[in-house]
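Any read-out appearing in this document is the output of simple, stated calculations on the displayed coordinates, not a laboratory observation. Please read these numbers as outputs of a predicted model, since none were measured by experiment.
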Amino acid sequence: MPDLEITCGECGTAFPFTEREQEYYRERGLSHPKRCKPCRDARRANFGGPRQGSGGGAERERFEIVCDQMRQDRQRSFQATTRPAVLCGNCFSASRAQNRGA
C-alpha cells in the first residue's frame, strides 16, 4: 500500500498519509484524516471553548445549581435534565475517588 497525499480540508495544504499511518487507522477502524497535523492540533487546542492562556472561542454558558451534599449555590457548565443527585465539582470528585477505593 503506497503513501497517499491528502489535501487538508481546513487550510488546503497537501500532506502525506504514510503507509504506517494507514495501517494504524485501519486497525482502529478510523477513516482517513481530513486535516493536516497542524490543523488537527489547533482544532484540539480550541475544542471546548477558551482555556487558560488560549485565545478565541465563546464562553460556555453556566447554570446555577445547589449541591446536594454542601447545600451551597454553585455553577456548572451543563444543565441537569434529571435529578438523581446534583453535586458540585469538588463533591463529585470526592465521591468518585471514594467509589474507586471501594
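Residue by residue through the stretch 13-30, which ³J(HN,Hα) values in whole Hz follow from phi under the Karplus form 6.51 cos²θ - 1.76 cosθ + 1.60 (θ = phi - 60°), with glycine and proline marked x?
7, 7, 9, x, 10, 5, 4, 5, 5, 4, 4, 4, 5, 5, 4, 9, x, 9
Check which residues have an amide H placed less than 5 Å from residue 6's amide H, if you skip close sequence neighbours.
Close amide H contacts, sequence-distant or interchain: 15, 17.
In square nanometres, what is the average projected area of the Cα convex hull of the stretch 1-45?
Over every viewing direction, the Cα hull of the stretch 1-45 projects on average to 3.2 nm².
Quick query: amide H of residue 86 versus all other amide H atoms, modeled in the peptide plane; which residues come in under 5 Å with a sequence gap of 5 or more or a different chain?
The list, which skips near neighbours in sequence, is 68.
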